[in-house]
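To start, the structure itself, in structure tokens.
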Amino acid sequence: MVNVVWLLLILGGLAVSAAHHSMLPVTEAIVTSSEKAVEIAIGFIGIMSLWLGMAKIAQESGLMRGLARMMTPLVGRLFPGIPKDHPAMGNMLMNMSANILGMGGAATPFGLKAMEELQKLNRAKERASQDMITFLAINTASINLIPATVIALRVAAGSRNPTEIVGPTIIATMFSSVAAITADRIFRRWHRNSE
């Protein structure tokens, strides 16, 4: 569906441009934007390589596991129906740890594996369980201490102070996490009362 929307926007823009006999500025914008995209992508590769290397070091050194251990009591309260020694719990903790450290690429495999394990615990296989919904909400609105991807994009775009985003990101993601967990609890309670 999104592809259709993008196609309609592009075709609509070209049609309006052609109707106003102004295709030259469109062509120039396409060429300029393409050049800028390549510059950003090349700059992005270097900084992302650095952060992915840091993610691997954090994973291998046990930093992510240590953070996961610290989060175990909180996550246990958020997911009381999941046994503490179940593989889903370990994968969720690793996913959350990676997200907190700004390592989205490292978090994704753990998130997918966690959902796979949560599906095994799900009684109604055709729809998401409450634990799956809670995990998705927390994963989407995760607290982020080091926004590595945003820092990398800012470096690639030539920002003078690419790390100035760290403070606002921590505050914004804390609020988003609290909002996600609160909304999840409200909907859980509402769903329980409506049954």
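The values are calculated or read from the model by the stated rules, or taken from the named source; none is laboratory data. On a predicted model such as this, the values are computed, not experimentally measured, just so you know. Every residue, glycine as well, gets a Cβ built from its backbone with ideal geometry; the counts of neighbours run over all protein chains shown.
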Here is a list: THR149, THR173, THR169. Which entry is in contact (Cβ under 8 Å) with a residue 60 or more places away in the chain and in a helix (DSSP H, G or I)? THR149
When you scan region 152-166, how many residues do you find that are assigned to a loop (DSSP other than H, G, I, E, B) and either out of contact with any Gly (no Cβ under 8 Å at 6 or more places or on another chain) or at positive phi (or both)? 4
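Taking the condition closer than 16 Å to LEU136 by Cα and in contact (Cβ under 8 Å) with a residue 24 or more places away in the chain, does LEU118 pass? So that I can check it myself, show each step before the final result.
Working: closer than 16 Å to LEU136 by Cα: yes; in contact (Cβ under 8 Å) with a residue 24 or more places away in the chain: yes.
Considered against the rule, which asks whether it is closer than 16 Å to LEU136 by Cα and in contact (Cβ under 8 Å) with a residue 24 or more places away in the chain, LEU118 comes out as yes.
In the set VAL166, VAL155, VAL150, which member is within 30 Å of LYS36 (Cα to Cα), of a type in the set (A, V, I, L, M, F, W, C), surrounded by 13 or more Cβ atoms within 10 Å (Cβ to Cβ) and within 12 Å of the chain's Cα centre (by Cα)?
Details: VAL166 fails: within 12 Å of the chain's Cα centre (by Cα); VAL155 fails: within 12 Å of the chain's Cα centre (by Cα).
One residue alone meets the criteria, VAL150.
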Return only the number of the condition from (1) of a type outside the set (Lys, Arg); (2) crowded, with 20+ Cβ neighbours inside 10 Å; (3) in contact with a Leu (Cβ under 7 Å, 6 or more places away or on another chain) that MET71 does not satisfy. (2)
I'd like to know if region 66-79 contains one or more residues that are part of a loop (DSSP other than H, G, I, E, B) and farther than 30 Å from THR134 by Cβ. no
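Return the only residue of GLY111, GLY105 being at pLDDT 85 or above, surrounded by 13 or more Cβ atoms within 10 Å (Cβ to Cβ) and under 27 Å from ILE40 (Cβ atoms). It would help to see each step written out before you state the result.
Working: GLY105 fails: at pLDDT 85 or above.
Being at pLDDT 85 or above, surrounded by 13 or more Cβ atoms within 10 Å (Cβ to Cβ) and under 27 Å from ILE40 (Cβ atoms) holds for just one of GLY111, GLY105, which is GLY111.
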Working only within region 121-138, note down all residues that are in contact with a Leu (Cβ under 9 Å, 6 or more places away or on another chain) and touching a residue at least 24 places away in the same chain (Cβ under 8 Å). ASP131, THR134, PHE135, ILE138
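Considering ASN91, ASN95, which residue is touching a helix residue (DSSP H, G or I) at 6+ places or on another chain (Cβ under 7 Å), under 30 Å from SER159 (Cβ atoms) and surrounded by 12 or more Cβ atoms within 10 Å (Cβ to Cβ)?
Values: ASN91 fails: under 30 Å from SER159 (Cβ atoms).
Exactly one of ASN91, ASN95 is touching a helix residue (DSSP H, G or I) at 6+ places or on another chain (Cβ under 7 Å), under 30 Å from SER159 (Cβ atoms) and surrounded by 12 or more Cβ atoms within 10 Å (Cβ to Cβ), namely ASN95.
Could you please let me know if ALA29 is within 25 Å of SER129 (Cβ to Cβ) and out of contact with any Pro (no Cβ under 8 Å at 6 or more places or on another chain)? Don't jump to the end; show me each part of the working.
Details: within 25 Å of SER129 (Cβ to Cβ): no; out of contact with any Pro (no Cβ under 8 Å at 6 or more places or on another chain): yes.
Spelling it out, it is not the case that ALA29 is within 25 Å of SER129 (Cβ to Cβ) and out of contact with any Pro (no Cβ under 8 Å at 6 or more places or on another chain).
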Which members of region 82-139 meet the condition of being outside any loop (DSSP other than H, G, I, E, B) and farther than 26 Å from GLU60 by Cα? GLN119, LYS120, LEU121, GLN130, ASP131, MET132, ILE133, THR134, ALA137
